[in-house]
1. So Ala180 clears everything in (1) without any contact (Cβ under 8 Å) to a residue 40 or more places away in the chain; (2) touching a His at 6+ places or on another chain (Cβ under 9 Å) except one condition, right? Which one?
2. With the structure loaded, tell me whether Lys73 is of a type outside the set (A, V, I, L, M), exposed (fewer than 15 other Cβ atoms within 10 Å of the Cβ) and under 24 Å from the mean Cα position of the chain (by Cα) or whether it fails that test.
3. Take the residues in the range 152-172 that are surrounded by 17 or more Cβ atoms within 10 Å (Cβ to Cβ) and not aliphatic (A, V, I, L, M), then tell me which one is farthest from the ligand (Cβ to nearest atom).
4. Considering only residues that are in contact with a Gly (Cβ under 9 Å, 6 or more places away or on another chain) and over 16 Å from Val167 (Cα atoms), look in the range 184-218 and name the one that is surrounded by the fewest Cβ atoms within 10 Å (Cβ to Cβ).
5. Among the residues of the range 137-151, is any over 14 Å from the mean Cα position of the chain (by Cα), within 16 Å of the ligand (Cβ to nearest atom) and not aliphatic (A, V, I, L, M)?
6. Given the criterion modelled with pLDDT under 95 and within 16 Å of the ligand (Cβ to nearest atom), identify the matching residue among Arg92, Arg86.
7. Looking only at the range 76-85, decide whether some residue is of a type in the set (Val, Ile, Thr), touching a residue at least 12 places away in the same chain (Cβ under 8 Å) and farther than 19 Å from Phe196 by Cα.
8. What residue, among those in the range 130-187 that are outside any helix (DSSP H, G or I) and small (Gly, Ala, Ser), is farthest from Leu74 (Cα to Cα)?
Amino acid sequence: MKELFNKYLMPYWQDNIYLEKTWDKISNIPNEELWNIHYNRKVKLLALVRQNTINRLRRNGMRYEEIMDIVSKLDPNILTIGFARRFATYKRGTLIFRDLERITEIVNNSKTPVQLVFAGKAHPKDIEGQDLIKQIHEISMKPQFKGKIFLLEDYDIGMSRYLISGVDVWLNNPRRPMEASGTSGEKASVNGVLNFSILDGWWVEGYNKENRLDNRTK
Ligand SMILES: *Cc1c(COP(=O)(O)O)cnc(C)c1O
């Protein structure tokens with residue numbers, strides 16, 4: 001993305017990211033070039049998801065064929081939604097599963113399927129946060145979600161770089177007004193990743209009613 005910005009934005013854009021004029025030329029970036037870069041990032045992320053999932057499920061004693069069946073569903077042409085951060089309860093990591101029937105239909109839609117990638121850690125003393133991770137694991141093992149919902153382990157800053165640059169949509173649904181910033185969403189946006197967020201944290205300031213998908217595609 002840096003190379004792309006170097007090519008199309010004004011010199012020293014990195015020192016002037018707060019100036020509106022720095023971004024004047026952003027729409028000169030051809031869609032195809034932006035998409036190719038994003039697509040490469042996505043392929044790299046999915047390779048990491050694949051390996052991480054294989055390692056985890058093997059350790060859990062799952063049969064090899066079943067593991068392969070799950071990871072073979074990963075597809076860079078499927079809309080990929082990411083959620084990765086501390087599993088503090090206010091961040092509501094499991095909110096998207098509130099209506100299981102609906103999310104089952106969404107991820108398995110034959111024309112426009114969706115895959116979800118989760119990662120994160122909970123504080124050792126945060127039992128409720130740890131329980132969220134357990135819930136996501138259990139949901140991801142339900143037959144209708146196998147190969148659709150992935151939970152990565154060993155979350156750290158290195159993995160987060162893959163996630164915030166490789167997913168298509170960054171999901172942010174904390175309980176208002178608990179989120180101080182939601183830094184991962186800021187990182188996703190400079191990587192050209194769309195934010196799907198409630199109006200909390202940085203997004204209250206970042207969202208100006210114009211920077212929405214339906215406006216960009218007009
Ligand atoms: C950016 C980042 C966070 C913070 O993300 P929030 O959206 O503010 O919760 C947490 N962990 C890692 C590894 C990060 O890179």
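The values are calculated or read from the model by the stated rules, or taken from the named source; none is laboratory data. Since the structure is predicted, the reported quantities are computational estimates derived from the model, not experimental observations. Virtual Cβ from ideal backbone geometry, glycine too; neighbours counted across all protein chains shown.
1. (2)
2. Values: of a type outside the set (A, V, I, L, M): yes; exposed (fewer than 15 other Cβ atoms within 10 Å of the Cβ): yes; under 24 Å from the mean Cα position of the chain (by Cα): yes.
Answer is yes for this residue.
3. Step by step, filter the range 152-172, then rank; the result is Asp168.
4. So, considering only residues that are in contact with a Gly (Cβ under 9 Å, 6 or more places away or on another chain) and over 16 Å from Val167 (Cα atoms), the one surrounded by the fewest Cβ atoms within 10 Å (Cβ to Cβ) is Gly206.
5. no
6. Details: Arg92 fails: modelled with pLDDT under 95.
When all the criteria are applied, what remains is Arg86.
7. Filtering the range 76-85 down to residues of a type in the set (Val, Ile, Thr) leaves 78, 80-81.
Going one step further and asking which of them are touching a residue at least 12 places away in the same chain (Cβ under 8 Å), we end up with 78, 80-81.
If we keep only those that are farther than 19 Å from Phe196 by Cα too, we end up with none.
No - not one qualifying residue is present in the range 76-85.
8. Our first condition is that a residue be outside any helix (DSSP H, G or I); within the range 130-187, this holds for 141-142, 146-156, 167-182.
Filter once more, keeping what is small (Gly, Ala, Ser): 147, 180-182.
Details: Gly147: 7, Ala180: 33, Ser181: 31, Gly182: 27 Å.
Out of the qualifying residues, it is Ala180.
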